[in-house]
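Please read the structure below before turning to the comments.
The values are calculated or read from the model by the stated rules, or taken from the named source; none is laboratory data. Predicted, not measured: the structure shown is a model, and the values here were computed from it. Cβ atoms come from the backbone with ideal geometry, glycine included; neighbour counts cover every protein chain shown. Protein only, heavy atoms only, side chains kept; ligands, DNA and RNA dropped before computing areas. Shrake-Rupley method; radii C 1.70, N 1.55, O 1.52, S 1.80 Å.
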Amino acid sequence: MPEAPPVFRFAPSPNGYLHLGHALSALLNFDAARAGSGRFLLRIEDIDQTRCRPEYERAIYEDLAWLGIVWEEPVRRQSMYMSDYGEALRRLEQDGLLYPAFETRAEIASLVRRREQVAPWPRDPDGAPLYPGEARLRPAAERDAMIASGAPYALRLDMAAAQARSGSLTWREDGAGPDGETGRVLAEPEQWGDVILARKEVPTSYHLSVVLDDALQGVTHVVRGQDLFWSTSVHRLLQTLLELPAPIYCHHRLVRDDAGQKLSKSTKATSIRELRAAGVTADDIRRKVGLPLA
Ligand code: GLU
C-alpha cells in the first residue's frame, strides 16, 4: 500500500495582520509539504469572536497568496465547528476531569496577590500565575445551582486527575525548544496548572480546539513557533485523554525585531502588508526570514 502523504498546516488567528514570524511559519510548512510530496492546509483559528475580525481573515488569504503559498480548499474555520469541541468537553466531563470555576479575572488576581504575600506563587511557561482557586473542591450540588443561576464560569482541567489517568507522556520533537530540547521530550503539563478548556461564552479554548482539529484534519507534522513549545505538553495530555494520535512536532526559531523582541501583531513595521505596500517582494520576505528562495 502506498504510504499516506505527510500533512502540514498553518493555523493563524485573524486577530491582527500577519507579520514576518507568521511568514516564516507558513513558508516552513509550505516548503516542507512540497519537499515531502505532502499536503498543506490552512486553518483559521477564530474561536475568540471578540478579537477576530473578517478584515484580518481576508488579509491572511491575501498575504499568503502574495507569498506564493497555495492551500487546500475548503479552509477549516474553527468558529464553524463549536459542536465538535462540545462533544470532546462532554467526554472529559464524563471522565470526571473537568470542573467549573466561577472566579472573575479580578478575583483570581487578588487570590494570587494574597498567596504571594506568603511565598512566590508558581507561574506557567508564559509567565501567567497558575490557577490559585479551589473550585475543584466545591460540592456538586453547589456547582449545579451556580450554573443554573446563570453565573459565568470557566471549565478547568483537573490536572492531577488527568495526569494520573494519562501517566507520563513524551513527544517527538524534530525542531527544538527554548533550551534546545529535542528528540524525545518529556511532557510536563503540570507546568500549566488546571488550564481552562472552555468558558461559558467561548465553549472551547486554544488547547482543546488545536488538538481536535489537528486530529480531525489528519495533521502528521505540527511546525510552529518556539513560543508554543511548552503548550505541546498540554496537547499531548489532551490527545491521550481523548484517544487521538500524536503528530510529530517541529518548533522553529522566532523572528525578532531589531531590539531582540518577539514580533507582535500590532507592530506595523514587520507586518507583511506594510512591507508589501513599501515595495518589498515575496523573495525579499524569504530572505528576511532566512529561508532559501522557492
Ligand atoms: N493559532 C495559533 C496562533 O496564531 C497557532 C496554533 C498552532 O500552530 O498550534 O498563535
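Computed from Cα positions, the angle between helix 20-35 and the longest principal axis of the chain comes to roughly 70 degrees. Note on the chain: GNM, Cα springs under 10 Å; of 176, 128, 162, the largest mean-square fluctuation is that of 128. For the pair residue 141 and residue 293, the difference between a 0.36 nm per residue extended length and the Cα-Cα distance amounts to 48.5 nm. Exposed loop sites here are GluC sites (Glu not before Pro) assigned a DSSP state other than H, G, I, E or B and surrounded by at most 12 other beta carbons within 10 Å; excluding them, the longest clear run of the chain is 4-133.
Our summary of shape: the Cα atoms of the range 35-84 have principal axis extents of 36, 26, 14 Å, ordered from largest down, in whole angstrom.
Pairwise Cα distances in the range 66-140 exceed 14 Å for 76 percent of all pairs.
Could you tally the net charge around residue 272, taking each other residue with its Cβ under 10 Å from the Cβ of residue 272, Lys/Arg +1 and Asp/Glu -1? Summing Lys and Arg as +1 and Asp and Glu as -1 gives -1. Calculated on the alpha-carbon coordinates, the convex hull of the range 183-286 measures out at 173 cubic angstrom per residue. Here the Gaussian network model covers the chain, with springs between Cα atoms less than 10 Å apart; of 255, 222, 118, 118 fluctuates the most. Placing +1 on each Lys and Arg Cβ and -1 on each Asp and Glu Cβ, with no other charges, gives the chain a dipole about its Cα centre of roughly 400 debye. Projecting the Cα atoms of 147, 130, 64 onto the charge dipole of the chain, computed from C-beta unit charges around the Cα centre, puts 64 farthest toward the positive end. Between the residues 36, 120, 238, the greatest Cα displacement towards the positive end of the dipole of the chain, with unit charges on the Cβ of Lys, Arg, Asp and Glu, is found for 120. Calculated [222 nm] ellipticity per residue, helices only, for the chain: -11000 deg cm²/dmol; basis is -39500 (n - 2.57) per DSSP H run with n ≥ 4, divided by all residues, nearest 500.
Determine the sum of side-chain charges near residue 168: Lys and Arg each +1, Asp and Glu each -1, restricted to other residues whose C-beta is under 14 angstrom from that of residue 168. Mind showing how you got there, number by number?
Details: positive: 165, 184, 236; negative: 188, 190.
So the environment of residue 168 carries a net charge of +1.
All alpha carbon pair distances within the range 39-196 were sorted into 5 Å bins beginning at 0; the resulting P(r) in whole percents reads 1, 7, 10, 13, 15, 17, 16, 10, 6, 3, 1, 0. Inter-part distance, the range 103-153 to the range 1-55, computed on C-alpha centroids, equals 34 Å.
A cut-off of 5 Å between modelled amide H atoms, ignoring neighbours fewer than 5 places along the same chain, links residue 176 with 251.
Please compute the contact order of the range 120-261 in relative form: average sequence separation of alpha-carbon pairs under 8 Å and at least six residues apart, divided by the residue count, as a percent.
Relative contact order for the range 120-261 comes out at 27 percent.
Axis of helix 82-94 versus longest Cα principal axis of the chain: the two differ by about 40°, to the nearest ten degrees. For residue 39, the residues whose modelled amide H falls within less than 5 Å of its own, excluding neighbours fewer than 5 places apart on the same chain, are 7, 8. Listed values for the range 162-176 are Karplus-derived 3J(HN,Hα) couplings in whole Hz (6.51 cos²θ - 1.76 cosθ + 1.60, θ = phi - 60°), namely 5, 6, 4, 6, 7, x, 7, 10, 9, 9, 8, 10, 8, x, 7, and x replaces Gly and Pro. Here the alpha carbons of the chain define both size measures, Rg and Dmax, at 20.2, 63 Å. Taking all Cα pairs closer than 8 Å and separated by 6 or more residues, the relative contact order of the chain comes to 24 percent. Each label point was placed 7 Å from the Cα along the Cα-to-Cβ direction; for residue 148 and residue 75 their separation is 4.5 nm.
Let me cross-check residue 97: its accessible surface, 1.4 Å probe, with only protein heavy atoms counted, in Å² to the nearest 10? Here the residue's solvent-accessible area equals roughly 10 Å².
Less than 5 angstrom separates the built amide H of residue 199 from those of 155, 204, all sequence-distant by 5 or more or on a different chain.
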